[in-house]
Amino acid sequence: MFMRIDHIGIACRDLEEKIELFSRTFELTVVAREVNEEQGVKEAMLHIADGEGGGSYIQLLEPLSDDSPVGKFLAKRGEGVHHVAFGVPDVEEAMARIGEKGVRLLDERPRHGSMGSQIAFLHPKDVGGMLTELVQAAKQ
Ligand code: MC0
């Protein structure tokens, strides 16, 4: 069902500072920036590699407000890994197959994600404490 790790999402307080840190340390390049009002984030994608079905990235996330998911996460846990996102060929099919196993889906239907992708989240409490995102990359 999973094709690859699409991205690791990192919660940060200062996006520009963390872009500088990650691009200097790992010699990565920012390939996309976006404000996603629905998810309450300002974000940047740093490209790692290309593979079958899409690329893999580090995603840096700064909250737009304290009561957004990333804002609440920062207040509770501080900066660090926020979620792991798996690339899937068909997000609706993956949601149905995983939902059937009793895992709570946080989205009833796919939402708009980075770089034109379709995304859906799974409840961290049903996946060993890991907030999990399913990503269907935009068609090339
Ligand atoms: C919260 N919890 C987490 C967590 N966030 N556990 C692991 N990883 C995380 N990131 C835990 C809390 O510690 C708490 O556990 C319990 O889940 C409930 O959390 P809460 O602080 O009371 O907050 P809720 O329940 O209001 O919301 C948590 C939930 C929410 C995961 C349901 O954040 C959500 O719906 N997230 C999905 C959307 C999202 O994260 N969007 C931002 C990225 P305890 O044990 O203390 O009860 S958007 C994105 O990434 C897009 C742009 C993209 O990739 O393209």
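Brief remarks follow.
- Test for Leu106: is it of a type outside the set (Ser, Thr, Tyr), more than 8 Å from the ligand (Cβ to nearest atom) and touching a residue at least 12 places away in the same chain (Cβ under 8 Å): no
- Residue under evaluation Asp50, criteria (1) within 10 Å of the ligand (Cβ to nearest atom); (2) not in a helix (DSSP H, G or I), criterion not met: (1)
- Residues satisfying the stated conditions in the range 106-130, i.e. under 18 Å from Val70 (Cα atoms), open to solvent by 30 Å² or more (accessible area, probe 1.4 Å) and not in a helix (DSSP H, G or I): Leu106, Arg111, His112, His123, Gly129, Met130
- Among (1) more than 10 Å from the ligand (Cβ to nearest atom); (2) open to solvent by less than 20 Å² (accessible area, probe 1.4 Å); (3) not aliphatic (A, V, I, L, M), the one test that Glu43 misses: (1)
The values are calculated or read from the model by the stated rules, or taken from the named source; none is laboratory data. Given the structure is predicted, the values throughout are model-derived calculations rather than measurements. Here Cβ is always computed from backbone atoms with ideal geometry, including for glycine, and neighbour counts include all displayed protein chains. When the accessible area is computed, the model is the full protein with side chains, heavy atoms only, and any ligands, DNA or RNA have been set aside. Shrake-Rupley method; radii C 1.70, N 1.55, O 1.52, S 1.80 Å.
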